[in-house]
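Following: one structure in structure tokens, then a few remarks.
The values are calculated or read from the model by the stated rules, or taken from the named source; none is laboratory data. Keep in mind that what you see is a predicted model, and the values were worked out from it rather than measured. Please note: Cβ atoms are built from the backbone with ideal geometry, for glycine as well, and neighbour counts cover all protein chains shown. Areas reflect the complete protein model, heavy atoms only, side chains present, ligands, DNA and RNA absent. Shrake-Rupley method; radii C 1.70, N 1.55, O 1.52, S 1.80 Å.
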Amino acid sequence: MPLVPVIELLKKAEEGKYAVGAFNVNNMEIVQAIVAAAEAEKAPVIMQASQGAIKYAGIEYIYALANLAASKTSVPVALHLDHGTSFEQCMKCIRFGFTSVMIDGSKLPLQENIALTKKVIEVARATGVSVEAELGKIGGTEDDIHVDERDAFFTDPEEALTFVQQTGVDSLAIAIGTAHGQYKGVPKLDFARLEKIVGLVKIPIVLHGSSGVPDEAIQEAIGLGVRKVNIDTNIREAFTNACRQVVESNPKEIDPRKVLSPAREAATEVIRQKIRVFGSAGRA
């Protein structure tokens with residue numbers, strides 16, 4: 001089936017009280033792994049590409065791979081820009097066929113973030129593309145976007161309400177204690193803050209930096225209203241560890257297919273497990 005907007009998947013997730021997994025793509029094997037996992041679990045999925053992934057693979061390749069994968073599957077698949085930091089980046093992805101974009105103005109003062117988000121929404125709505133924004137700073141590193149842990153701050157519920165009322169954004173990424181990259185310890189999520197934000201904004205909430213968060217915490221967050229959960233680091237770990245095992249066990253191996261095939265299988269298994277945790281298995 002054709003690629004679908006993210007908001008279509010999130011509205012159904014809200015009705016069913018589950019979350020849709022958003023899995024970062026960097027190459028063909030990871031695209032294949034996401035689709036294989038979605039097919040096996042009969043689940044809707046979001047493929048998302050960061051600016052770093054687009055720089056690495058090329059926007060033409062990212063779109064072509066995702067579009068082909070979606071056309072060959074029976075489950076709903078969306079293609080989303082993860083952490084777009086400029087109006088121009090969002091417009092480029094819309095022109096190339098992405099069905100959803102994230103405009104991350106979280107580094108900006110509130111009113112500047114609102115103005116930038118509204119500018120993106122004005123164009124996106126006219127083309128049927130859904131828009132995600134971010135309020136608050138999520139710790140860790142996402143490509144070249146770094147937030148030092150001591151400077152990271154949580155999303156203010158009242159600011160979230162103002163932001164949503166003034167922008168009409170489709171979904172909102174919030175900071176409640178998660179971080180990008182690998183965790184040094186066990187993250188502690190501010191569930192009370194999450195519950196208050198959900199009660200005020202009444203739109204789908206997005207949880208970034210979810211790799212490494214205990215399954216029980218993810219499920220509690222979903223129970224409170226999170227409808228999109230981003231996973232990247234866990235996929236990278238499984239993929240590269242599988243590659244490493246092949247090379248270490250056979251240092252003379254020169255066939256990329258024999259290195260990358262086990263990596264694709266490892267990524268598929270991680271994604272399947274996440275889909276089950278999110279409650280989206282069988283929801284396609």
Exercise for the section: Give the whole-number value, in cubic angstrom per residue, of the convex hull volume spanned by the C-alpha atoms of the range 28-101. Expected result: 74
Exercise for the section: Treating the Cα atoms of the chain as identical point scatterers in vacuum, please give the log10 of the normalised Debye intensity I(q)/I(0) at q = 0.08, 0.16 Å⁻¹, two decimals. Expected result: -0.30, -1.27
Practice task
Before rounding to the nearest 500, sum -39500 (n - 2.57) across all DSSP H runs of length at least 4 in the chain and divide by the residue total; then give [θ] at 222 nm in deg cm²/dmol.
Solution key: -16000 deg cm²/dmol
Problem - Per-residue SASA entry for E216, accessible area with 1.4 Å probe, Å² rounded to 10 - result: 130
Handout entry: Calculated from backbone phi, Karplus (6.51, -1.76, 1.60) coupling profile of the range 267-284 in Hz, x at Gly/Pro
Key = 5, 4, 5, 4, 5, 4, 5, 5, 4, 5, 4, 6, x, 9, 4, x, 9, 5
Exercise for the section: With viscosity set to 0.692 mPa s and temperature to 37 °C, compute the Stokes-Einstein D of the range 175-268, Rh being the Kirkwood radius across alpha carbon pairs; µm²/s, no decimals. Expected result: 216
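If I compute solvent accessible area with a 1.4 Å probe over the protein chains, what percent of it on the range 187-261 is carbon and sulfur? Don't skip to the end; give the middle numbers.
Working: 2000 of 3740 Å².
After summing per-atom areas, the C and S share lands at 53 percent.
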Problem - S50 long-range amide H proximity, modeled H, under 5 Å - result: V25, D82
Exercise for the section: Give a residue-ordered list of calculated ³J(HN,Hα) values for the range 95-108 (Karplus: 6.51 cos²θ - 1.76 cosθ + 1.60, θ = phi - 60°; whole Hz; x for Gly, Pro). Expected result: 4, 7, x, 4, 9, 7, 9, 10, 9, 9, x, 5, 7, 8
Handout entry: Calculated from backbone phi, Karplus (6.51, -1.76, 1.60) coupling profile of the range 208-217 in Hz, x at Gly/Pro
Key = 8, x, 8, 5, x, 7, x, 3, 4, 5
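Taking only protein heavy atoms into account and a 1.4 Å probe, give the accessible area per residue of the range 198-284 in Å². Don't skip to the answer; put the middle values down first.
Values: 4100 Å² over 87 residues.
Spelled out: the 1.4 Å probe surface of the range 198-284, per residue, equals 47 Å².
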Exercise for the section: Would you list the P(r) distribution for the range 1-146, with all Cα-Cα distances sorted into 10 Å bins from 0 and each bin expressed as a whole %? Expected result: 12, 42, 36, 10, 0
Practice task
Take the Cβ-Cβ distance between S261 and E159 as r, set R0 to 51 Å, and report the resulting FRET efficiency rounded to the nearest 0.05.
Solution key: 0.60
Exercise for the section: Give the Rg (one decimal place) followed by the Dmax (whole number) of the range 234-279, computed from C-alpha coordinates and expressed in Å. Expected result: 12.1, 42
Practice task
Just report the Cα centroid separation between the range 227-284 and the range 22-67, whole Å.
Solution key: 13
